[in-house]
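Taking it in order: structure first as structure tokens, then the write-up.
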Amino acid sequence: MASFFASSVPLPVKSFFLACFFMAASAGNFYQDFDLTWGDGRAKILNNGQLLTLALDKASGSGFQSKNEYLFGKIDMQLKLVPGNSAGTVTAYYLSSKGSTWDEIDFEFLGNLSGDPYILHTNVYSQGKGNREQQFYLWFDPTADFHTYSILWNPQRIIFSVDGTPIREFKNLESNGVPFPKKQPMRIYSSLWNADDWATRGGLVKTDWSQAPFTASYRNFNAKACVWTNGASSCSSSSSSSSSGSKSNAWLSQELDITGQQRLKWVQKNYMIYNYCTDTKRFPQGLPLECKMS
Ligand SMILES: *[C@@H]1O[C@H](CO)[C@@H](O)[C@H](O)[C@H]1NC(C)=O
């Protein structure tokens, strides 16, 4: 710093550069928002906190988690997945609470051989019960560039989106007896690990360790969310409404507009490859209640 701000630089210019430096450092900084939790050095924060990478090799995968717990939020993250032969690898990116009756909202990216499509696997757990898988192909190569994966979680619904296109909606149907995640604060978690017993073509294609280390990258984390601290939500105070400092909390009651509903239908028609709600063989006693409601 000392040599960069040489004393010949006029003061207004100096303070301009200082302002830019501190603003950039505070907007979605991985050092500030996340802890690297496992993988013994395989998880890394780079570029002054603007980039995070996870690696997997034969000895171990790696992972990180948010410092904050959230009770509702609109959470965006850009991911670039393991390129090339990623068969057998799974990149999980999810929200989860703790305990035996936990809630969870999952994105999992199942790798594949070079040129074969990833599967985006999603699930919703409420009070420890999941079994709500929906799987999709993507309409782009998720390893070629960063794409935005978002979870909107408010008291009425959960919406999974990819680059702003909704791919799945899980509505609050508590009034029909379907538990909905809304009492347990959740943290954001992500991990890259080996799951070649099931991930690629149901476990037929194994991880090729000669390609290791496998790497997935993260950037541009952005959360408009209610931060949960010591049993209180940042959203219940009238003055501040979100962790990002934004005044608007429209996301807390956001729903799909007509365009969103049409996009959702387009994805479900063209890219959905598995839906638990149509898997009658799996549920011989009858489909889960929420499947009959929508
Ligand atoms: C991998 O590619 C095969 C062949 O195209 C496909 O059947 C499968 O769904 C793809 N994805 C995964 C994760 O297995």
Exercise. Would you pick out the residues in the stretch 57-79 that are in contact with a helix residue (DSSP H, G or I) (Cβ under 9 Å, 6 or more places away or on another chain) and under 25 Å from S234 (Cβ atoms)?
Worked result: F64, S66, K67, N68, F72, G73, K74
Problem set entry | Output for the stretch 148-164, where each listed residue is surrounded by fewer than 17 Cβ atoms within 10 Å (Cβ to Cβ) and in a strand (DSSP E or B) | T148
Problem set entry | Any chance F140 is hydrophobic (A, V, I, L, M, F, W, C) and surrounded by fewer than 19 Cβ atoms within 10 Å (Cβ to Cβ) | yes
Exercise. Are any residues in the stretch 177-230 of a type in the set (F, W, Y), surrounded by 17 or more Cβ atoms within 10 Å (Cβ to Cβ) and under 18 Å from G61 (Cα atoms), and if so, which ones?
Worked result: Y189, W193, F214, Y218
For this session: Within the stretch 135-147, count every residue that is in contact (Cβ under 8 Å) with a residue 60 or more places away in the chain and in a loop (DSSP other than H, G, I, E, B).
Result: 8
Problem set entry | First in the stretch 153-165 and over 12 Å from F107 (Cβ atoms), second anywhere and surrounded by 14 or more Cβ atoms within 10 Å (Cβ to Cβ) and of a type in the set (F, W, Y), Cβ under 7 Å, 6 or more apart | W153/F72; N154/F72; N154/W251; P155/F72; R157/F170
Seminar exercise, completed: The correct count of residues that are within 11 Å of the chain's Cα centre (by Cα) and buried (at least 21 other Cβ atoms within 10 Å of the Cβ) in the stretch 94-107 is 3
Seminar exercise, completed: Flagged pairs (Cβ under 7 angstrom, 6 or more apart or on separate chains; first in the stretch 281-294, farther than 14 Å from E174 by Cα; second loosely packed, with under 12 Cβ neighbours inside 10 Å and at pLDDT 95 or above) are L287/T280
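The values are calculated or read from the model by the stated rules, or taken from the named source; none is laboratory data. The structure presented is a predicted model; accordingly, all values stated were derived computationally and were not measured. In this analysis, Cβ positions are derived from the backbone assuming ideal geometry, glycine residues included, and neighbour counts consider all displayed protein chains.
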